[in-house]
Amino acid sequence: MILLTDHKIEILGVQIDQIKMETAVKRVDKYINAHDNKRYMIVTPNAEMIVMAYDNPGFADILNRADLSVPDGAGVVLASHILTLPLEERVAGFDLMGKLLKLAQERDYRVFFLGGKDSVLEKALSKIKNNFPGLKIAGSHHGYLDPALTFWLIEEINGLDVDILFVGMGVPLQERFLNDNLANLKVKVAMTVGGSFDVLADEVKRAPRWMQTLGLEWLFRLIQEPSRIGRMMALPRFVLLVFKEYLLAKVRR
């Protein structure tokens, strides 16, 4: 692990902010109110994503271009402690999205939801409207895009005065979409939210809080979706890579 600044570390080549949930929300609020033409990108690395980035330098570069990179998984926080530059706390992407929706509700920010199937988005939006009455929803669109539809969608979003764009297309498609298109989008903040729309739509259940606290969310998801076993193999590999980095760091000392 490398300490890049007082507020950012690097785990297996992926930069992650040393930040708490409350501070992350405040930072996004500042992004939205910044008097500049910058588009701010938020990503939420977990152990699986870090292993993917370890194997794919191009994906690592995309993650490292983000303006805010929060530690989504308990495994990432644990790894930071093993590597002696501990992150302050886990900032789960799903929870951060909820906090930002609350912020948008309070500040009259306009939000747009991109990703998933139309049926899933419809259910997710119904729950969001119920949980955040008065929230200004500028629009939504499914995540199955071809180049022509992408061009049209960018034009559509650009006419809606969007403050926060939530993109839930799955990893790494959502990160690549923003890397390729964010410069052309007239939004202040864009955040990747993975399968959050599925959770909101009750298509996928989230692990109980106690399992999240113990870092067992992966086990809950595997029980729900046994087909994820191949992807879950990234987790033991992440552990091995972290310990390898720990041992190499000790040797260098």
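Non-local amide H neighbours of Y40 (under 5 Å, H modeled in plane, Pro and chain starts lacking H): which ones?
Sorted by chain and number, the residues that satisfy this are V189, A190.
Could you list V167, V25 in order of exposure, starting from the residue whose Cβ has the fewest other Cβ atoms within 10 Å? Intermediate results must be reported in sequence, preceding the final value.
Details: V167 26, V25 17.
Going from least to most buried by this count: V25, V167.
Non-local amide H neighbours of S140 (under 5 Å, H modeled in plane, Pro and chain starts lacking H): which ones?
F113
Counting other C-beta atoms within 10 Å, which of D163, D108, D72 has the fewest, and how do the rest follow?
Details: D163 23, D108 10, D72 26.
Lowest to highest Cβ neighbour count: D108, D163, D72.
Using the structure shown, list the pairs from K20/K127; K123/K186; K30/K117; K99/K244; K102/K186; K20/K123 with a Cα-Cα distance above 28 Å, or answer none. Show your work: numbers first, answer last.
Values: K20/K127 26 Å; K123/K186 26 Å; K30/K117 32 Å; K99/K244 36 Å; K102/K186 22 Å; K20/K123 30 Å.
Violating the 28 Å limit, Cα to Cα: K30/K117; K99/K244; K20/K123.
With a 10 Å Cβ neighbour count serving as the proxy for reagent exposure, in which order, fewest first, do R252, R221, R107 appear? Please report the intermediate quantities before stating the final value.
Working: R252 6, R221 19, R107 12.
Final ranking by Cβ density, sparse to dense: R252, R107, R221.
Please figure out what share of the DSSP beta bridges in the chain is antiparallel and state it in percent, rounded to the nearest 5. Let's see the in-between values first.
Working: 7 of 26 bridges.
The antiparallel fraction comes to roughly 25 percent.
Count charges around A24 for me, please; just the other residues with Cβ under 12 Å from its Cβ, Lys/Arg as +1, Asp/Glu as -1.
Numbers: positive: K20, K26, R27, K30, R90, K99; negative: D17, E22, D29, D67, D72, E88, E89, D95.
For residues surrounding A24, the net value is -2.
Read-outs: derived from the displayed coordinates by stated rules, not from any lab. The model shown is predicted, which means the values in this text are computed figures rather than measured ones. No Cβ is skipped: glycine too gets one built from the backbone with ideal geometry, and neighbour counts run over all protein chains shown.
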